[in-house]
Amino acid sequence: METRGRARKVSHSRYMLSALENQVSNLNESVGEMKETFKLVEGRTNGFDSMEEQLREFVLDSLDANVEKMNGLVNSTVKSWQRGMTLSRILC
């Protein structure tokens, strides 16, 4: 009986080892697929980074141009207002 019990334990251990090896194999396969997917995604995000930088530059250039226009308008308005104040002092 002792031999029979050992044989069962050995058989069960072999079954467990085989199942574990299958799981490790599946895990290795999944990790390989995830690495491939990661490389694909990483390549695409590099394109987004470039587009983000281009958009940032465009927005900043546009804002700079608008600031320059607004400064010109404010300066022009101030000069007109100052001329009007000077003229009203002369007339009064």
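Only the coordinates and a few stated rules stand behind these numbers; no lab work does. Just so you know, these numbers come straight off a predicted model, no measurement behind them. Please note: Cβ atoms are built from the backbone with ideal geometry, for glycine as well, and neighbour counts cover all protein chains shown.
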Open item on the list: Going by what's in this entry, would SER88 be described as of a type in the set (S, T, N, Q) and surrounded by 10 or more Cβ atoms within 10 Å (Cβ to Cβ)?
Closed with: no
Open item on the list: If I go through segment 20-45 residue by residue, how many of them are loosely packed, with under 10 Cβ neighbours inside 10 Å and among the small types (Gly, Ala, Ser)?
Closed with: 1
